């Protein structure tokens, strides 16, 4: 039984990056042998084991054969006769199909090291087309490595386009797509996820609400980049600069979805796009298993980002309504996420990427003023709606007294 370090840890070491995690493959071994050594088996599809001390994943070397549609449509061979080279040849990209032996020897049967040098994301074999989740994975790796100059190889782009046209992407399970999308949002260049899928023709299948934004114009006075899809990519780039939170980046991803449904005769204006965006978010999360905290923030940003941008113009009544609508008084941390998404939207415009966003400070000041008015200041004999209205009136007075007209 031989054990090899495989996948991302090998790749990242060659790139001079810290390894996010270490995965191992076991050649010439059996499940019984690993269990006898104290490893704990996890997973239902194929044998993966957790090391009894480190908790790292050890998988038996395997081959796979397509026998049905989708992610689960594979038959696996994990016998002790499967070689390391056979295991590596079933992987998605050449840069992920390398291994290191215990003595440090690099095993690279698919040309991964050359593709690292060429900054190329290239599929290992035509078996890539058998698993639709690999399309989203390639786009996610583009989001991770685009800052290093990586691009998708032309033959891989063509293969993905063929998969798209064949209908194979319809077999991608919603939970798998969401898993890849969430991880892509956390990468250094989440906008590259969208750009990669779009170049391959896959964005219109996987995220049609987002794909519809490309080619839709906006007023050049406010959006020098004009194209709404381009604006979205720029805003996502800014979101990655401003916040490490996936929910903030998801809110930016979905904040303008309504512009994709604006009738052409109304272009480049988009009246009412905020409410249409909320409706499209609600439809999207019916299709994908998006966590509730993502949905709440996305709906708030879609509905109210325009108000936030006009913070200097808002009267006290509207400011308080905004604070209440986004639940800022009860969830100030969530309000900071809201402001980060709004700032990313404001900066996601050509030539305005480094502009200040004083609206955030003004709205933070408003929250501080309103939150300082506590329930202790409300007459004790008031109850129910009267109590709530009295508290609102006191907060309005405080805002007006402190410069909010």
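Structural remarks
- Every residue from the stretch 161-177 that is in a loop (DSSP other than H, G, I, E, B), surrounded by fewer than 17 Cβ atoms within 10 Å (Cβ to Cβ) and in contact (Cβ under 8 Å) with a residue 40 or more places away in the chain: 173
- Among (1) in contact with a strand residue (DSSP E or B) (Cβ under 8 Å, 6 or more places away or on another chain); (2) within 23 Å of residue 343 (Cβ to Cβ); (3) surrounded by 23 or more Cβ atoms within 10 Å (Cβ to Cβ) - the single one residue 226 does not satisfy: (3)
- Residue match in the stretch 351-360 (condition: on the phi < 0 side of the Ramachandran plot and within 22 Å of the chain's Cα centre (by Cα)): yes
- Count of the stretch 252-294 residues, restricted to those that are closer than 21 Å to residue 349 by Cβ and touching a residue at least 40 places away in the same chain (Cβ under 8 Å), is 14.
- Flag if residue 244 is exposed (fewer than 14 other Cβ atoms within 10 Å of the Cβ), assigned by TED's automatic domain parsing to the domain that holds residue 398, closer than 25 Å to residue 356 by Cβ and free of Cβ contacts under 8 Å to residues at least 60 places away in the same chain: yes
- Identity of the residue in the stretch 178-194, crowded, with 21+ Cβ neighbours inside 10 Å and part of a helix (DSSP H, G or I), that ends up nearest to the chain's Cα centre (by Cα): 185
- Residue match in the stretch 205-215 (condition: under 22 Å from residue 97 (Cβ atoms), surrounded by fewer than 20 Cβ atoms within 10 Å (Cβ to Cβ) and free of Cβ contacts under 8 Å to residues at least 40 places away in the same chain): no
- Positions within the stretch 282-301 being under 16 Å from residue 177 (Cα atoms) and either in a helix (DSSP H, G or I) or at pLDDT below 95 (or both), in sequence order: 283, 284, 285, 286, 287, 294
Each row is one residue, and each column tells you yes or no for (1) in contact with a helix residue (DSSP H, G or I) (Cβ under 6 Å, 6 or more places away or on another chain); (2) in a loop (DSSP other than H, G, I, E, B); (3) surrounded by 22 or more Cβ atoms within 10 Å (Cβ to Cβ); (4) at pLDDT below 95.
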position: 109; (1), (2), (3), (4): yes, yes, no, no
position: 113; (1), (2), (3), (4): no, no, no, no
position: 127; (1), (2), (3), (4): no, no, no, yes
position: 135; (1), (2), (3), (4): yes, no, yes, no
position: 138; (1), (2), (3), (4): no, no, yes, no
position: 141; (1), (2), (3), (4): no, no, yes, no
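The values are calculated or read from the model by the stated rules, or taken from the named source; none is laboratory data. Predicted, not measured: the structure shown is a model, and the values here were computed from it. Quick reminder, even Gly has a Cβ in these numbers, built from the backbone with ideal geometry, and neighbours come from all protein chains shown.
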